[in-house]
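One structure is given below, encoded as structure tokens.
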Amino acid sequence: MDRKDIKLFIYHASQCDPKKCTGKKMARFELAKMFEKVNRIPRESILLDPMAEKALSPQDSSGKGITVLDCSWEHVEEVFPKLIKLNLQHRALPFLVAGNPVNFGRPFKLTSAEAFAAALYILGNKEQAQAVMSKFNWGHTFLELNHEPLEEYSTAKDSKEILSIQSEYI
């Protein structure tokens, strides 16, 4: 049984193709709240940051929600350092492969929706993860491709164990 739904937040950097933007679609379906200014990101939320030193694990508290930076992968290294000074819990997602049509099969190249779904799954909110992915015709593909690692990550006790599990897949 899932826990209470976790609040989802998107900082939209206006860098992606609006027709393919999973963050905008999530906002339209009221699955996430979108911000266009950095200072609007809820403090103490978990920021999914591919350059974070610590991996997301079930041990992390999601009480203040999860934030995803919706930007182009081409600019990710420029944008994330600007968010370091905010009082956010920076966490990296472990090894997963994209199920979206643009980056299908590529490791770590997830859409905002896939990142949210992965985080929700790892934190024990599997039904909420499935609800997010149900809005995309390829959403089930992401969950199917990553079912085994997501299950293992969701049983890890901490970030260190996540990294140990991840090493089995890399």
Name the residues whose placed amide hydrogens come within less than 5 Å of the amide hydrogen of Leu47, ignoring near sequence neighbours (fewer than 5 apart) on the same chain. Thr67, Gln89, His90, Arg91
What is the order of Thr67, Thr155, fewest Cβ neighbours within 10 Å to most? Thr155, Thr67
So what are the ³J(HN,Hα) numbers for the range 37-54, from phi and the Karplus equation (6.51, -1.76, 1.60; θ = phi - 60°), rounded to whole Hz, Gly and Pro as x? 10, 4, 5, 8, 4, x, 5, 6, 7, 7, 9, 6, 10, x, 9, 5, 7, 10
Footprinting proxy, Glu44, Glu161, Glu30: sorted fewest to most Cβ within 10 Å, the residues are Glu30, Glu44, Glu161
In whole Hz and in residue order, list the ³J(HN,Hα) couplings for the range 108-123 that follow from phi through the Karplus curve 6.51 cos²θ - 1.76 cosθ + 1.60, θ = phi - 60°; x for Gly and Pro. 6, 8, 8, 6, 4, 4, 5, 4, 4, 4, 4, 4, 4, 4, 4, 7
Taking placed amide H atoms and a strict 5 Å upper bound, the residues 5 or more places from Lys33 or on another chain that come that close are Leu8, Phe9, Ile10
Suppose only helical runs count, i.e. DSSP H with n ≥ 4. What mean residue ellipticity at 222 nm does that imply for the chain under -39500 (n - 2.57) per run, divided by all residues and rounded to the nearest 500 deg cm²/dmol? -8500 deg cm²/dmol
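Normalised by the number of residues in the chain, what is the relative contact order in percent for Cα pairs under 8 Å and 6+ residues apart?
Reported as a whole number, the value is 26 percent.
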So what are the chain's ellipsoid semi-axes, whole angstrom, largest first, if each one is the square root of 5 times an eigenvalue of the alpha-carbon gyration tensor? 21, 18, 16
Using the count of nearby Cβ atoms within 10 Å as a rough guide to exposure, how do Tyr11, Tyr169 rank from fewest to most? Tyr169, Tyr11
Of all DSSP beta bridges located in the range 8-168, what percent are antiparallel, nearest 5? 5
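All of the numbers you see were taken from the coordinates with simple rules; none came from a lab. Computed from a predicted model, the values in this text were never measured in an experiment. FYI the Cβ positions are ideal-geometry reconstructions off the backbone, even for glycines, and counts take in every protein chain you see.
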